[in-house]
1. Please grab the % of Cα pairs in segment 1-103 that end up more than 18 Å from each other.
2. Determine, at each q value in 0.14, 0.17, 0.18 (inverse angstroms), the log₁₀ of I(q)/I(0) that the Debye formula gives when each Cα of the chain is one equal point scatterer.
3. Whose amide H sits under 5 Å from the amide H of Q132, counting only residues 5 or more places off or on another chain, with H placed in the peptide plane?
4. Report in % the part of the accessible area of the chain that belongs to carbon and sulfur, leaving out ligands and nucleic acids; probe 1.4 Å.
5. For Q131, project a label point 7 Å along Cα to C-beta. Then give me every residue of segment 33-70 with its amide nitrogen under 17 Å of that point.
6. Working only with C-alpha atoms, what are the Rg and Dmax values of segment 78-182, expressed in angstrom?
7. Which distance in nm do the two modelled labels at V38 and Q61 give, with both placed 7 Å along the Cα-to-Cβ direction?
8. Taking trypsin sites (Lys or Arg not before Pro) as exposed when DSSP calls them loop (any state but H, G, I, E, B) and at most 11 other Cβ atoms lie within 10 Å, what is the longest stretch of the chain free of them, the sites themselves excluded?
Amino acid sequence: QSFLSWMTTSKKGLDEKKHGNNHSTWWAAQVATYASFVGDEKALTDVWDLFREFLVPHQIQPDGSCPHEEARTKSFSYSVMNLDGFSYIAHIAKLNGIDLWNYQIDKGAGLTQVLDYLTPYYNNPDKWTKQQISPIKKSRRVFLVFAGLDFNNPVYHKLYLAAPPNNQPDFLLFDMMVQLKQ
């Protein structure tokens, strides 16, 4: 509860919340995670509102691109990392009875557009034409786990399992979650 309070009230926490790129996305993913864990319904509602009113409108274009991430020197890497954060938020929301995966703003931008936009490049990273100063490593990504689970779509899980294993503890858990769905 203390860390959640710090994230939602401190100057540093609030700066990250309104940073405008993946910092804001990951701030929201962390707040949603901790708020779910401690049962803080107000903090959860605040994250859902932030997602709808700030994150999607300020980060996602109707084609699924995220210009703040694409302006960086590792544009694909940051775009995928941002999608991972968005998928955490959407998955936690789904567990709480809220559908953020299919949420779209009036101009048609939303998380499903980001999935559609980035997934083909995940399969073929060499086709990415924007700036990427380091090689794109195909690795297991969280967005494939949660999209596969929440859309009940085995294609995402197949993509996930086709990538080289990641031996970090959280990915071992993700591996088990995907394998249980097979």
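The values are calculated or read from the model by the stated rules, or taken from the named source; none is laboratory data. From a predicted model like this one, the values you see are computed outputs, not experimental measurements. Glycine also receives a Cβ, built like all others from the backbone with ideal geometry; neighbour counts cover every protein chain displayed. In case anyone asks, the SASA skips ligands and DNA or RNA and just uses the protein heavy atoms, side chains included. Shrake-Rupley method; radii C 1.70, N 1.55, O 1.52, S 1.80 Å.
1. 43 percent
2. Calculated log10 I(q)/I(0) at the listed q: -0.77, -1.14, -1.26.
3. Correct list: S75.
4. Roughly 55 percent of what the probe reaches on the chain is carbon or sulfur.
5. 66-70
6. 13.8, 41
7. About 3.9 nm, to one decimal.
8. It works out to 1-106.
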